[in-house]
1. Residue check: is W122 closer than 25 Å to Q149 by Cβ and open to solvent by 100 Å² or more (accessible area, probe 1.4 Å)?
2. So which residues in region 86-104 are open to solvent by less than 60 Å² (accessible area, probe 1.4 Å) and either hydrophobic (A, V, I, L, M, F, W, C) or assigned to a helix (DSSP H, G or I) (or both), if there are any at all?
3. Give region 60-80 a look and list any residue that's part of a helix (DSSP H, G or I) and surrounded by 14 or more Cβ atoms within 10 Å (Cβ to Cβ), or say none.
4. Is it fair to say F70 is among the aromatic types (F, W, Y), at pLDDT 90 or above and within 20 Å of T148 (Cβ to Cβ)?
5. Might you let me know whether region 78-89 holds any residue that is within 18 Å of N170 (Cα to Cα) and under 22 Å from the mean Cα position of the chain (by Cα)?
6. Return the only residue of G139, G121, G58 being modelled with pLDDT under 95, closer than 21 Å to L173 by Cα and of a type outside the set (V, I, T).
7. In region 19-59, which residue that is in contact (Cβ under 8 Å) with a residue 12 or more places away in the chain and of a type in the set (A, V, I, L, M) is most open to solvent (accessible area, probe 1.4 Å)?
8. One residue is enough: does region 152-171 have a residue meeting the conditions assigned to a helix (DSSP H, G or I), at pLDDT below 85, open to solvent by 40 Å² or more (accessible area, probe 1.4 Å) and out of contact with any helix residue (DSSP H, G or I) (no Cβ under 6 Å at 6 or more places or on another chain)?
Amino acid sequence: MTTADQIALGGVVATALTPVAVIGVGYWVNRRLKHVERTFERERRLTEVRFELYKEIGFKLNDLFAYFNFIGLWKELSCQDVIERKRELDRHVYAYRPLFTSEFFDRYVAFTEAAFKTNTGWRKDAKLRTLSDHREAHGNSELMECFTQEDNRVAIRAAYESLLDCLAANLGLSSETAAQ
């Protein structure tokens, strides 16, 4: 075979392989796009579910924050109301834990630990890490047992704000999310 024949054969092979290469690259790009599309759709659905859960827990979290910081509707809540809201929140957060990031769960636990003293005895409710002053229980010895008489507002506020920041990131509503 002469050099001219080799060059001609190479041109024929290159001409024949070009469509195969284009089809191969197109197939790969198509698969990649479908993967990205599925990932985007999964993240969108997860964000929607998280938002629905947020609608279930958002006001309850805010009620706890308000009660411990003497703001908003705090006067309308009793210590039993606060403990019941914590139980409802725990039920939601623990049941739907796989839908949120571990960071969100850790920050939720930090918030509840700042607000409540748990494991206070067999079949005893958690105690509220706050003062009984200015509350309906003040002076009622039975209800006074609900309180630790700590002023833990600074820790509760910091934990609450940290929890909300993480929740916003989980919902795709923060600048933290845009950076990721």
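1. yes
2. K86, E88, L89, D90, H92, V93, L99, F100, F104
3. Matches in region 60-80: K60, L61, N62, D63, L64, F65, A66, Y67, F68, N69, W74, C79.
4. Here the answer is yes, as F70 does meet what is asked.
5. Checked against the condition, which is being within 18 Å of N170 (Cα to Cα) and under 22 Å from the mean Cα position of the chain (by Cα), region 78-89 yields at least one hit.
6. Within the list G139, G121, G58, the selection yields G58.
7. Once the filter is applied, the top-ranked residue is V49.
8. No: region 152-171 contains no residue that is assigned to a helix (DSSP H, G or I), at pLDDT below 85, open to solvent by 40 Å² or more (accessible area, probe 1.4 Å) and out of contact with any helix residue (DSSP H, G or I) (no Cβ under 6 Å at 6 or more places or on another chain).
The values are calculated or read from the model by the stated rules, or taken from the named source; none is laboratory data. These numbers were taken from a predicted model, which means no experiment stands behind them. Reconstructed Cβ throughout: ideal geometry from the backbone, glycine too, with neighbour counts over all protein chains shown. Accessible surface areas use protein heavy atoms only, side chains included; no ligands, DNA or RNA. Shrake-Rupley method; radii C 1.70, N 1.55, O 1.52, S 1.80 Å.
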